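Structure record follows, encoded as structure tokens.
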Amino acid sequence: METTKLIHSLSKNLKPVRRLMSPIKRAIIWFVISILCVSIGVYWSGILQKFTPESANTFFILESIAILCFTFSASCLAFLLSVPGRFKSNMIWYTLVPLISWIILLIIQSGAFFSIFSVDLLSSTPGGMCPRDLATLCVVPALIIFSMIRLASPQKKSLIGYIGLLSSFGLAAFGLQFTCGALSSPLHVLMFHVSPAVGLALLGIFLGKILIK
């Protein structure tokens, strides 16, 4: 009887815990809100007018689909990782397959695989501020996904941080599809869109430890 009274006294002042939606539903909500934010950012940049319907060829459409699939699957993976027992190791392929597909599409357009790494071709590749634009478009989606992940019970914070930031950079890369003046160069996209997105996402390893508590 005393034990029952003790449990009651300890629990009567506790606040009820709100039940979270499933990881996939939360990923869908993040994806929809974030893509709207990225779209506003692209429109606000004032460079949207440079994108013409003629630019939307078959490869552009396939690349855009691959990027969106990669982004959404990565966000699903991040939310699944934040719930103990929901992540399975084979789920990583759902993220790797669209990312690899995007890279393969760029390689096909670039010509031969080995020519990509030639010194002459690399020296002729246009530079730009694409990494900066990626980071700018990434900010809001990253803040949203980290805020949503904090509501769960994340354990592998560094891994979740990396994948969460990777999904945000993927969405930023999708937005860059409509603003980058050098988009016609697949090598440029490979070097200044894909590589910075994957590389800068490594910051999520440290941000995960700081922001996810």
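The values are calculated or read from the model by the stated rules, or taken from the named source; none is laboratory data. Keep in mind that this is a model prediction, so the values were computed, not measured. A quick note on method: Cβ atoms are made from the backbone with ideal geometry, for glycine too, and the neighbour counts reach across all protein chains shown.
What to note about this one:
- Of residues in region 9-42 being basic (Lys, Arg) and at pLDDT below 90, the one farthest from the chain's Cα centre (by Cα): Lys12
- Val83 being more than 15 Å from Val189 (Cβ to Cβ), at pLDDT below 85, among the β-branched types (Val, Ile, Thr) and in contact with a helix residue (DSSP H, G or I) (Cβ under 9 Å, 6 or more places away or on another chain): yes
- For region 134-151, the count of residues that are touching a Pro at 6+ places or on another chain (Cβ under 7 Å) and modelled with pLDDT of 85 or more is at least one.
- Some residue of region 156-169 being at pLDDT below 85 and either in a loop (DSSP other than H, G, I, E, B) or of a type in the set (Val, Ile, Thr) (or both): yes
- For first residues located in region 82-98 and under 20 Å from Met21 (Cβ atoms) and part of a loop (DSSP other than H, G, I, E, B), partners that are at pLDDT below 85 and of a type in the set (Val, Ile, Thr) and lie 6+ apart or on another chain with Cβ distances below 7 Å do not occur.
- Taking the criterion of being in contact with a Phe, Trp or Tyr (Cβ under 6 Å, 6 or more places away or on another chain) and among the hydrophobic types (A, V, I, L, M, F, W, C), the residues of region 201-213 that qualify are Ala201, Ile205, Leu211.
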